[in-house]
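Every number here is computed from the coordinates shown, using simple stated rules; none is lab data. Every value quoted in this text rests on a predicted model; they were computed, and no experiment measured them. Here the Cβ is made from the backbone with ideal geometry for all residues, glycine too, and neighbour counts use every protein chain on show.
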């Protein structure tokens with residue numbers, strides 16, 4: 001039988017394996033697919049062959065390292081570089097299970113280490129800044145009201161932007177308690193509670209958009225001006241538009257750049273400062289491991305200061321009456337002896 005080439009394995013990996021056997025989420029599939037959209041033309045240029053002529057013997061660690069270097073030369077971040085490498089490693093595990101003769105090359109690629117990246121400073125808003133942001137959209141018109149609701153849901157629930165744009169009308173529960181069914185990473189769903197004010201905004205939005213009609217149950221909650229599902233870039237644009245306006249007016253009081261993830265951090269910090277247990281914060285944000293949530297406890301300086309103050313108040317301070325060093329013969333004798 002003719003040897004299976006790189007084209008065969010990439011096609012099989014993306015269609016049969018990822019789409020069928022693994023059942024990955026749409027976002028993960030898009031990320032993996034984009035990696036190979038970049039990798040295919042690179043190999044075509046690197047080995048001077050069309051992709052259907054590239055053999056698995058040419059799928060080597062040296063070529064993959066060259067591909068990763070080319071990404072960084074084009075301005076790719078360390079985080080994105082590591083994501084591309086993770087997709088390639090998943091591909092290698094698939095190939096080696098189907099083709100033992102390629103085991104050595106696959107193991108060499110699997111041994112390529114991820115690059116260490118600097119831990120970014122977590123950006124979040126305080127209560128006053130958040131209030132300023134939410135007061136910015138003009139809710140008297142249709143689009144301003146939608147912007148307000150989008151920002152409110154991000155801030156109130158802490159959902160990821162990918163989760164926000166995936167919410168459908170049928171995922172909203174306006175009864176008591178009000179909740180949103182969120183479709184998280186790895187096809188893991190969770191219910192997140194929403195506040196009374198957010199519920200009121202959602203109810204108005206449902207009335208204005210006619211979303212109470214059962215025929216609307218399957219549509220996305222938010223559609224852009226073209227009537228299509230929002231993209232991450234679209235939500236980021238809305239947030240940044242208002243952030244820039246506020247920053248231009250008060251550059252010392254408001255950050256120049258905001259991302260939707262900043263509102264996720266803001267929700268976590270507000271829950272922490274309100275005394276919420278990290279377990280509840282983890283469940284609210286949809287973190288898989290509590291260690292991911294612990295980062296908020298480490299950066300909460302206010303909580304640390306309050307804890308230190310409480311601890312200091314419990315410590316009995318000894319008598320602070322000034323010691324007369326000059327008139328203390330025993331102390332002077334000890335010092336003279338110590339300095340001999």
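What percent do you get for the relative contact order of the stretch 127-303 when only Cα pairs under 8 Å and 6+ apart count?
22
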Shape call, the stretch 127-303: gyration tensor on alpha carbons, a/c limit 1.5 | oblate
Label points 7 Å out from Cα along the Cβ direction at residue 204 and residue 26: separation in nm?
-> 2.9
Sort 232, 84, 225 so that the residue with the fewest other Cβ atoms within 10 Å of its own Cβ comes first and the one with the most comes last.
-> 225, 232, 84
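Among 103-114, 153-164, 204-215, how do they line up from the highest to the lowest mean number of other beta-carbon atoms within 10 Å?
Highest-to-lowest ranking by the protection proxy: 153-164, 103-114, 204-215.
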Whole-angstrom gap from the stretch 46-112 to the stretch 245-276, using each part's C-alpha centre | 39
Between residue 65 and residue 34, what is the label-to-label distance in nm when each label sits 7 Å out along the Cα-to-Cβ direction?
-> 2.7
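Which order do peptides 48-55, 239-246 fall in by mean Cβ count within 10 Å, highest first?
239-246, 48-55
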Set the Förster distance to 41 Å, then compute FRET efficiency between residue 197 and residue 93 from the Cβ-Cβ distance, nearest 0.05.
-> 0.30
Please give the contour-minus-distance gain from residue 45 to residue 291: 0.36 nm per residue of separation, less the Cα-Cα distance, rounded to one decimal in nm.
-> 84.3 nm
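At R0 = 41 Å, how high is the FRET efficiency between residue 143 and residue 78 if r is their beta carbon distance? Nearest 0.05 is fine.
On the way: r = 37 Å, r/R0 = 0.91.
Rounded to the nearest 0.05, the efficiency is 0.65.
If you average the sequence gap of Cα pairs under 8 Å that are 6 or more apart and divide by the length of the stretch 1-156, what percent do you get for the contact order?
On the way: 101 pairs, mean separation 30.8, N = 156.
After rounding, I find 20 percent.
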Determine the gain in length on full extension of the stretch residue 259-residue 223; use 0.36 nm per residue of separation and subtract their C-alpha separation, reporting nm with one decimal.
-> 11.0 nm
Listing 92, 76, 170 by rising number of other beta-carbon atoms within 10 angstrom, fewest first, gives 170, 76, 92
What nm value, rounded to one decimal, do you get for the distance between residue 187 and residue 86 when each label is placed 7 Å out toward the C-beta?
-> 1.8
